[in-house]
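Asker: Got a structure here, written out as structure tokens. Questions coming.
The values are calculated or read from the model by the stated rules, or taken from the named source; none is laboratory data. Because the structure is a prediction, the values reported are computed rather than measured. Note that we place each Cβ from the backbone using ideal geometry, even for glycine, and neighbour counts take in every protein chain shown. Accessible surface areas use protein heavy atoms only, side chains included; no ligands, DNA or RNA. Shrake-Rupley method; radii C 1.70, N 1.55, O 1.52, S 1.80 Å.
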Amino acid sequence: MKLESVELRRIKLSLVAPFETSFGVQTERDVLLLKAITDGGEGWGECVAGEEPTYSSEYVDAAGHVLIHHLIPRLLDRELVAADVSALLHPVHGHQMAKAAVEMAVLDAELRAQGQSFGRFFGAVRRAVDCGVSVGIQPSIAELLQTVGGYLDQGYRRIKLKIKPGWDVEPVRAVRERFGDVPLQVDANTAYSLADAEHLAKLDPFGLLLIEQPLPEEQVLAHAQLARTVRTPICLDESITSAQSAADAIELGACRVINIKPGRVGGYLEARRIHDLCAARGLPVWMGGMLETGIGRAGNVAMAAMPGFTLPGDTSASDRYYHRDITEPFVLEDGRLRVPTGPGLGVSIDAEYLESITYWKSVVGRAGSGVRS
Ligand code: NPG
């Protein structure tokens, strides 16, 4: 397959409600989407980088820049398959989210051309995946209980609470007291230090599924040390940027669970390697979320149907985030989302709506004779 050009576009989508994590409050998503134009058809990719470099060092302006100037030019006008993309991009250090977006677009084009779905390509073993929901930091315990109750009424099968110092043990206690033994986990997004070990151990009596990324991403050894004080399984997110870093963290005893986000690790193919290595070592994995539109959600739901994804993911329904999605919405059915079965990502883009919320476009490649914006 030959990649002839890539169309990049930026869209803005308001969130249904503000989303607060230990690193800030988000009220809208500024999304970079890619359309790969090949001699065998088109494919779509979504970049999960946020507007600001607060979750990781990547951010959407930089992702657009590195794609246009350093990544896409390495892929144009040559015979390639999606499996070649990461090696071709290897000379460029880092920028996993940008790399993931272009690999995804090429993979979608390739699978659409073959008439094969992402689910089939990944070896999906279920038609629908169990869904959890990530609950942002709330202004009060009363609002938290109301929000969690609403999601449980909708059928979500697991609740994840965002925590930070000052908002941790009490919200967990309140949710346990009100909602009993609902599957519950917490996510700190790197907000603690090893000195907080005794404090984090106060979460142990609540029977959480896991504590996600309590310490800064580079402190992998400290997570292993934390695990000596805290009994709740530690799950890594930000620290896991590749299959290699996953293997190292497991070997060190830094985590007993891994959150897989294809965008964070450079793409679906690396994410699949992490799934495989965790399965071989007996670690459960689950699918993370980065507030994806229907494009990214489609790929994530398909991957979450692989056998090692034994915990519910942050693969929430479209209406958890958006009033109107850019694809047909993902709708919760008995706490699950159906895995798309059509070719490639298996979703169709609402072209008119997409156009109406696009505020920037650029083409790299033949149609754009290099770079056009
Ligand atoms: O369901 O898509 C979702 C969001 C799940 O909490 C979620 N994501 O730290 O995992 C995270 C968090 C996040 C969201 C991180 C946006 C970065 C950006």
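Asker: Considering only the stretch 297-309, I want to know if a residue exists there that is in contact with a helix residue (DSSP H, G or I) (Cβ under 6 Å, 6 or more places away or on another chain) and more than 14 Å from D130 (Cα to Cα).
Answerer: yes
Asker: Name the single residue that is nearest to M97 (Cα to Cα) among those in the stretch 25-40 being open to solvent by less than 30 Å² (accessible area, probe 1.4 Å) and more than 17 Å from the chain's Cα centre (by Cα).
Answerer: For the stretch 25-40, the residue satisfying everything is A36.
Asker: Would you call D334 within 16 Å of the ligand (Cβ to nearest atom) and of a type in the set (D, E, K, R)?
Answerer: no
Asker: Shifting gears a bit: Quick check on this structure: which one of I163, I250 is within 16 Å of the ligand (Cβ to nearest atom) and either modelled with pLDDT of 95 or more or buried (at least 22 other Cβ atoms within 10 Å of the Cβ) (or both)?
Answerer: Unique residue meeting the criteria: I163.
Asker: Another question, if that's okay. Any idea how many residues of the stretch 280-294 are touching a residue at least 12 places away in the same chain (Cβ under 8 Å), on the phi < 0 side of the Ramachandran plot and of a type in the set (A, V, I, L, M)?
Answerer: So the answer is 4.
Asker: Just a yes or no: is a residue in the stretch 200-213 over 18 Å from W286 (Cα atoms) and within 14 Å of the ligand (Cβ to nearest atom)?
Answerer: no
Per-residue answers, yes or no, for (1) at pLDDT 95 or above; (2) more than 11 Å from the ligand (Cβ to nearest atom); (3) closer than 18 Å to D187 by Cβ:
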position	(1), (2), (3)
D276	yes, yes, no
A280	yes, yes, no
V285	yes, yes, yes
G288	yes, no, yes
T293	yes, no, no
M303	yes, yes, no
G308	yes, yes, no
L311	yes, yes, yes
D314	yes, no, yes
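Asker: Mind checking which residues of the stretch 44-75 are over 15 Å from the mean Cα position of the chain (by Cα), open to solvent by less than 30 Å² (accessible area, probe 1.4 Å) and over 15 Å from K361 (Cβ atoms)?
Answerer: Within the stretch 44-75, A62, A63, V66, L71, L75 qualify.
Asker: I need the full set of residues from the stretch 186-213 which are among the hydroxyl-bearing types (S, T, Y) and surrounded by 18 or more Cβ atoms within 10 Å (Cβ to Cβ), in order please.
Answerer: Listed by number, the residues that qualify are T190, Y192.
Asker: Let me ask something additional. Restricting to the stretch 222-260, what's the tally of residues that are out of contact with any Leu (no Cβ under 8 Å at 6 or more places or on another chain) and not hydroxyl-bearing (S, T, Y)?
Answerer: Adding up the residues that qualify gives 12.
Asker: Could you please find all residues in the stretch 343-366 being within 26 Å of Q116 (Cβ to Cβ) and either open to solvent by less than 20 Å² (accessible area, probe 1.4 Å) or touching a His at 6+ places or on another chain (Cβ under 8 Å) (or both)?
Answerer: G344, L345, V347, L354, G365, listed by residue number.
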